[in-house]
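The values are calculated or read from the model by the stated rules, or taken from the named source; none is laboratory data. If you're wondering where the values come from, they're calculated on a predicted model, not measured in any experiment. Here the Cβ positions follow ideal geometry from the backbone for every residue, glycine too, while neighbour counts run over all protein chains shown. Each accessible area value is taken on the protein alone, full model and side chains, heavy atoms only, with ligands, DNA and RNA left out. Shrake-Rupley method; radii C 1.70, N 1.55, O 1.52, S 1.80 Å.
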Amino acid sequence: ESDFNVCMKIMDTYLTKAHEQGETKLPWNSLKYLIGEVMYGGRAIDSFDRRVLNTYMDEYMGDFIFDTFQPFHFYKDSNVDYCIPEDGTREQYIEAIDELPLANTPEVFSLHSNAEINYYTNAMKDMWDLLLELQPQTGEIGGGISREEYIENIAADIVKKLPAEFELDKIRKKMGGEVSPTSVVLLQELERFNWLIARMRKTLLELKRALAGEVGMSAELDDVSKALFNGQIPQIWKKLAPDTLKSLGNWMIHFHRRFSQYNSWVNEGEPAVIWLSGLHIPESI
């Protein structure tokens, strides 16, 4: 959005200057370079993406958009026509803008209709997350227990099911002097998994102490308690785990399945088939 605002400011500055100085030719090449190469071009690393940007600049910037013999349409269908209005008063321009629809389909922006799917999916996810946060955070919940007791029960259950951390030194010694590429991947995976286990155990034990009033409830612990209450994965755990959209319950099932694969790999040797989704970095295989 900041890039868009800067580009609008650049266009306003150049076009206003050309109008005030009575220039017959607009500085299209300068505008294309500043917008397509400097502003948005700085975010596009891939050569094909930069080619798309330059194509958009050539498609929508030029004297041809003011051609009265062959009118230019940014987009046109049976319902709407995006074009530059004819010369007129300020009121006529406002009236032309008011006639445009408030909501547009992806085709207006030269996008496929499926582009809406991702937008609506994220919008619904955000809406449900907000609805969860708007739940009452105090008082009793189902079963006649308080919110604090409910969170404490979940924390205790997760702590009870947490496996012990892998002893990396013993595993390295067991591998001997020759370490295969897949063994390197295993050691890296186990190291990251140990970090996650340690962080989970530490935050849950501290949360239990905070709920008991033994220590203060920090902002980090408060976020963990809210996530456990809403059935979500705490952000502090997400930072040490593979990206996921799972709920807390499904994520814990996935967590234990990952541990089973690591444990089998350590004790029984490299598996014939590796479950890639159970790795922190599947690309390493």
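Other residues lying with their Cβ under 15 Å from the Cβ of K174 contribute a combined charge of -2, Lys and Arg counting +1, Asp and Glu -1.
The mean accessible area for residues of the chain, using a 1.4 Å probe and ignoring ligands and nucleic acids, is 69 Å² per residue.
Please give the net charge around Y75, taking every other residue with its beta carbon less than 15 angstrom from that of Y75, where Lys and Arg add +1 and Asp and Glu add -1.
It works out to a net charge of -4.
For region 239-285, trypsin sites (Lys or Arg not before Pro) meeting the loop criterion (DSSP other than H, G, I, E, B) and having at most 11 other Cβ atoms within 10 Å: K239. Of the complete DSSP H runs in the chain, those spanning 30 angstrom or more by Cα along the long axis with a mean Kyte-Doolittle score not below 0.0 are 181-211. Here the chain exposes an accessible surface that is 55 percent carbon and sulfur, computed with a 1.4 Å probe and the other protein chains kept in place. In whole Å, what is the distance between the alpha-carbon centres of region 40-114 and region 261-284? For region 40-114 versus region 261-284, the Cα centre distance is 51 Å.
Over the chain, dividing the summed -39,500 (n - 2.57) contributions of all DSSP H runs of at least 4 residues by the number of residues returns a 222 nm mean residue ellipticity of -18000 deg cm²/dmol. Using a cut-off of 23 Å between Cα atoms, the listed pairs K161/K202; K125/K161; K9/K76; K125/K246; K125/K238; K76/K125 include K125/K161; K9/K76; K76/K125 as exceeding that distance.
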